[in-house]
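Student: Before we start, here is the structure in question, set down as structure tokens.
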Amino acid sequence: MIALEENHVTATWAAIAKRIERPRAILCVSAHWLTNGTAVTGMATPRTIHDFGASFPKALFDVEYPAAGDPALALRIRDLLAPMPVTVDTGWGLDHGTWSVLRHCFPDASIPVVQLGMDIAKSPEQHWQIGRMLRPLRDEGVLIIGTGNIVHNLREMDWQHPDAEPYPWAARFNAAMLRAVVEDRPEAVISYQSLGADASLSVPHPDHFWPLIYVLGARHAGEAATLDPDFIHHKSLGMTSILLGSA
């Protein structure tokens, strides 16, 4: 629903977009595109995907984000990841993990966007290595975004009390991961499962956590991390945004 909202979170996303140098293209790693093998969208005009249930309001289904694709960037990504096989996909598009954020950052949809599919068979270490291999894109004017949640347990969410104090396990896990990000200790994020029950409750499935690992792989040495906004919604839904690098 944040795609339709105007609040501190969306205002902060818009402010970040104004602060950074305008990218020539955007590569988004979304929690909502899990693939068998690594894939990248390669179409010239990606469709807006409404990948959520019918219980959501019609206004959400009416949202379109008509950004162009970038087939040349897709091929560049394939080359950077060689010899790893990469599928250049022409059937997916931009899912809500991408457009729900970008419509607040770049509402005119004037910047080309491609998505990277996360291979469900790869380990956290392998996802991080892919991020490292994609790091040169940042020096070529490409903004790399990972969209997901550090804490993402929908089953335990308190839907009636969005601003309630987070569960202790959620607060501990979120704090541990953010300390690791700020201190540039990616190995602690990669090995998040070592935190036991706090990790298994905060990350019952890794799809929403993996995008962070890609972004940390693409981080340049010594880059600072800015955390804003930084809170947990509904007791078990992390809403932290992390900007890596100065702007």
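The values are calculated or read from the model by the stated rules, or taken from the named source; none is laboratory data. Owing to the predicted nature of the structure, the values given are computational and were not obtained by experimental measurement. In this analysis, Cβ positions are derived from the backbone assuming ideal geometry, glycine residues included, and neighbour counts consider all displayed protein chains. Ligands, DNA and RNA are stripped out before the accessible areas are found, and what is left, the full protein with its side chains, is counted by its heavy atoms. Shrake-Rupley method; radii C 1.70, N 1.55, O 1.52, S 1.80 Å.
Student: Do any residues in region 69-93 that are of a type in the set (D, E, K, R) have Cβ atoms under 8 Å from those of residues that are surrounded by 15 or more Cβ atoms within 10 Å (Cβ to Cβ) and part of a helix (DSSP H, G or I), where the two are at least six apart or on different chains, and which pairs are they?
Tutor: Correct list of pairs: R76/L137.
Student: I'd like to verify a number: residues in region 104-132 that are more than 13 Å from V29 (Cβ to Cβ) and touching a helix residue (DSSP H, G or I) at 6+ places or on another chain (Cβ under 9 Å), how many?
Tutor: Quick first cut of region 104-132, residues more than 13 Å from V29 (Cβ to Cβ) only: 104-112, 120-121, 123-126, 129, 132.
Now drop any that are not touching a helix residue (DSSP H, G or I) at 6+ places or on another chain (Cβ under 9 Å), which leaves 104-107, 109, 111-112, 120, 123-125, 129, 132.
Number satisfying all stated conditions: 13.
Student: Within the set of pairs 6+ apart or on separate chains, which have a first residue in region 221-247 that is within 17 Å of R179 (Cβ to Cβ), a second that is of a type in the set (D, E, K, R) and open to solvent by 30 Å² or more (accessible area, probe 1.4 Å), and C-beta atoms under 7 Å apart?
Tutor: T240/D230; S241/D228; L244/E223
Student: A further question on this structure: Is it true that I242 is of a type in the set (V, I, T) and touching a Pro at 6+ places or on another chain (Cβ under 6 Å)?
Tutor: no
Student: Might you check whether a residue that is modelled with pLDDT of 95 or more, farther than 23 Å from W210 by Cβ, touching a Pro at 6+ places or on another chain (Cβ under 9 Å) and not in a helix (DSSP H, G or I) occurs anywhere in region 16-27?
Tutor: yes
Student: Another question, if that's okay. Quick one: in region 96-128, which of the residues that are among the aromatic types (F, W, Y) and within 21 Å of R22 (Cα to Cα) is nearest to the chain's Cα centre (by Cα)?
Tutor: Within region 96-128, the match that is nearest to the chain's Cα centre (by Cα) is W99.
Student: Can you tell me which of P112, P23 is under 30 Å from T226 (Cβ atoms) and in contact with an Asp or Glu (Cβ under 7 Å, 6 or more places away or on another chain)? Walk me through how you get there before you give the answer.
Tutor: On the way: P23 fails: in contact with an Asp or Glu (Cβ under 7 Å, 6 or more places away or on another chain).
None of the others qualify; the one that does is P112.
Student: Taking into account only those residues within region 134-147 that are under 17 Å from the mean Cα position of the chain (by Cα) and not in a strand (DSSP E or B), which is surrounded by the most Cβ atoms within 10 Å (Cβ to Cβ)?
Tutor: L134
Student: Just wondering, is there one or more residues in region 89-103 that are surrounded by fewer than 20 Cβ atoms within 10 Å (Cβ to Cβ) and touching a helix residue (DSSP H, G or I) at 6+ places or on another chain (Cβ under 8 Å)?
Tutor: No, every residue in region 89-103 fails to be surrounded by fewer than 20 Cβ atoms within 10 Å (Cβ to Cβ) and touching a helix residue (DSSP H, G or I) at 6+ places or on another chain (Cβ under 8 Å).
Student: Please pick out the residue among I130, I111, I120 that is closer than 24 Å to G37 by Cβ, among the aliphatic types (A, V, I, L, M), surrounded by fewer than 22 Cβ atoms within 10 Å (Cβ to Cβ) and in contact (Cβ under 8 Å) with a residue 60 or more places away in the chain.
Tutor: None of the other options fit; the residue is I120.
Student: Right, I150: modelled with pLDDT of 95 or more, part of a loop (DSSP other than H, G, I, E, B) and open to solvent by 10 Å² or more (accessible area, probe 1.4 Å) or not?
Tutor: yes
Student: Restricting to region 195-232, what's the tally of residues that are outside any loop (DSSP other than H, G, I, E, B), under 16 Å from R155 (Cα atoms) and either touching a Phe, Trp or Tyr at 6+ places or on another chain (Cβ under 7 Å) or open to solvent by less than 50 Å² (accessible area, probe 1.4 Å) (or both)? Break it down into steps so the answer makes sense when it comes.
Tutor: Kept after step one, since they are outside any loop (DSSP other than H, G, I, E, B), are these residues of region 195-232: 195, 197-202, 206-208, 210-217, 225-227, 232.
Subset that is under 16 Å from R155 (Cα atoms): 197-202, 206-208, 232.
Restricting the remaining residues to those that are either touching a Phe, Trp or Tyr at 6+ places or on another chain (Cβ under 7 Å) or open to solvent by less than 50 Å² (accessible area, probe 1.4 Å) (or both) gives 197-199, 201-202, 206-208, 232.
Final tally of qualifying residues: 9.
Student: Any residue that is within 24 Å of H96 (Cβ to Cβ), part of a helix (DSSP H, G or I), open to solvent by 20 Å² or more (accessible area, probe 1.4 Å) and touching a helix residue (DSSP H, G or I) at 6+ places or on another chain (Cβ under 8 Å) - is there at least one of those in region 161-178?
Tutor: No, that holds for no residue.
Student: Within region 51-93, track down each residue that is charged (D, E, K, R), assigned to a loop (DSSP other than H, G, I, E, B) and at pLDDT below 95.
Tutor: D51, D62, listed by residue number.
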